[in-house]
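Derivation of every value follows stated rules applied to the coordinates shown; laboratory data play no part. Small disclaimer: the values here were computed from a predicted structure and weren't measured. Using ideal geometry, Cβ is built from the backbone for each residue, glycine included, and neighbour counts are taken over all protein chains shown.
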Amino acid sequence: MNYKVPRGTQDILPSESWKWQRVESIMRDVCQLYRYEEIRTPIFEQTELFTRAVGDTTDIVQKEMYTFEDRGGRSMTLRPEGTAPVVRSFVENKMHGYPDQPVKLFYEGPMFRYERQQAGRYRQFVQFGVEAIGSASPAIDAEVIALALDVYERAGLEELKLVINSLGDTESRTAHREALVAHFEPHIEEFCSDCQSRLAKNPLRILDCKKDHEHPLMASAPELPDYLNEESAAYFREVLAHLDAVGIDYVVDPNLVRGLDYYNHTAFEIMSTSDGFGAITTLCGGGRYNGLTEEIGGPPAPGIGFAMSIERLLLALEAEGKEWTDKPALDAYVVTLGEEAEAKGFALVQQLRRAGVTADTDFLHRKMKGQMKSADRKQASYVIIIGEDEVAKGVVQLKNMETGEQHEMTNDDAIAHIAQMKKEG
Ligand code: ATP
Ligand code: MG
């Protein structure tokens with residue numbers, strides 16, 4: 001029997017995992033700057049949470065969930081997205097009662113969706129997202145968008161486009177919905193079966209259909225902005241004004257509707273405009289979800305958030321030709337010859353590590369040449385050599401691998417030298 005990684009999943013090997021760690025640390029650093037704090041929710045939740053919060057007409061709920069019955073006969077689902085669990089936790093832990101509002105949270109971890117595998121689309125993928133719950137100020141919409149863009153900018157991405165729209169409040173959405181039904185109903189038999197069932201349940205989702213997006217009625221469909229009431233339009237203007245104030249460019253796309261049911265008012269996506277990026281260009285999606293806390297049994301608390309996947313961020317870097325190649329190197333490799341030297345070397349490696357120097361040594365009793373090769377492969381900045389002579393004299397040879405210079409010195413001097421050079425970068 002040959003075991004393989006499940007379809008749509010991947011092993012992140014050491015040649016790549018350091019990049020994931022770097023993305024994660026960028027995300028954490030940016031969240032710290034904006035004062036968003038981490039929340040960790042379970043990998044699985046009651047199925048009902050997602051059918052309720054995400055919406056049972058969405059692709060996620062209809063086709064993509066990993067749902068199973070646990071041994072107690074309860075229906076559980078591996079989380080397909082992060083907002084519903086975070087809002088569940090917000091309600092359950094009565095975070096609306098926290099003295100400090102809005103509550104600003106971030107999460108990072110695996111999500112699961114039974115999708116058709118293609119580039120940038122996995123069945124297990126890692127999402128980073130933020131949720132700001134407890135404020136209906138347009139400023140926080142702009143803050144959340146700025147945060148997402150900062151993450152991409154720090155990662156080195158430049159070819160980005162922010163697309164934004166307003167879905168309006170309930171009144172606006174109802175007016176738009178009626179117009180949509182009137183528009184599509186006479187021709188609904190020309191659409192896919194999903195769209196046919198969406199017509200009654202959530203006609204807005206027809207606009208987001210991946211099968212029928214070429215149908216002529218799509219282009220002529222009633223557009224949301226024309227149905228925004230004054231309050232919603234004013235809110236949207238304020239969001240845009242805040243983006244303008246901090247110099248964030250955007251494109252208003254009246255056809256942008258997000259795939260999840262819970263959005264209202266602001267909806268946005270950040271896309272890669274890089275030529276090298278394939279069919280999928282969306283890196284990040286987000287929006288406002290006033291009413292979601294009530295939907296899952298809590299008090300009113302307006303929220304906004306976004307989610308982005310690390311997979312697509314790394315793909316975008318590649319597409320722009322900006323993949324990271326500067327894998328953190330090894331500071332020092334200790335080469336030893338002979339038993340006594342080996343014991344000394346082992347102790348030295350530990351001393352180096354305690355001094356904050358990344359250090360490694362040979363564990364295969366290789367000859368000098370083999371050990372030097374290993375140091376090369378690990379891209380060690382320094383090699384410390386301890387042979388029989390060095391043991392006898394109580395010294396080591398410190399070799400700078402970049403310049404080739406070699407000096408004899410004491411253990412302590414070698415450690416101090418490397419630590420100092422490392423500090424100076
Ligand atoms: P798409 O239209 O590409 O299916 P979506 O609307 O389902 O995206 P969201 O639920 O908004 O995506 O998720 C937010 C972000 O998470 C996406 O913009 C994308 O970066 C990422 N993402 C979504 N699904 C996947 C996946 N299967 N594999 C990798 N990343 C994903
Ligand atoms: Mg999707």
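Quick notes
- Within segment 373-388: backbone nitrogen closer than 18 Å to the ASP326 label point (7 Å, Cα to C-beta): 379-382
- When the convex hull of its Cα atoms is projected in every direction, mean area for segment 332-420 (nm²): 5.0 nm²
- Computed over the chain, the Cα gyration tensor eigenvalues convert (square root of 5λ each) into semi-axes of 53, 23, 21 Å, ordered from largest to smallest.
- Solvent-free Debye scattering, log10 I(q)/I(0), computed from the Cα coordinates of segment 258-341 at q = 0.18, 0.25, 0.26 Å⁻¹: -0.85, -1.14, -1.19
- Within a Gaussian network of the chain (alpha carbon springs, distance under 10 Å), most fluctuating of THR325, THR293, THR266: THR325
- Cross-link pairs LYS344/LYS423; LYS322/LYS378; LYS4/LYS104; LYS211/LYS327; LYS322/LYS367 - those with Cα-Cα distance over 30 Å: LYS4/LYS104; LYS211/LYS327; LYS322/LYS367
- Gain upon complete extension [ASN255, ASP212; 0.36 nm per residue less C-alpha separation]: 14.1 nm
- Net lengthening on full extension, GLU159/GLU223 (0.36 nm per residue, minus Cα-Cα): 20.3 nm
- Across the alpha-carbon atoms of segment 224-301, the computed radius of gyration and Dmax are 14.8, 46 angstrom.
- Spacing of the modelled spin labels on GLN124 and ARG237, each 7 Å from Cα toward Cβ, amounts to 5.0 nm.
- Max mean-square fluctuation residue, GNM over the chain, Cα-Cα springs under 10 Å, options ARG288, ARG123, ARG353: ARG353
- Rounded FRET efficiency, nearest 0.05, which uses the C-beta distance separating SER75 from GLU171 and R0 of 41 Å: 0.75
- Residues whose amide H falls under 5 Å from that of CYS284, counting only those 5 or more places apart or on a different chain, are ILE270, with hydrogens built in the peptide plane.
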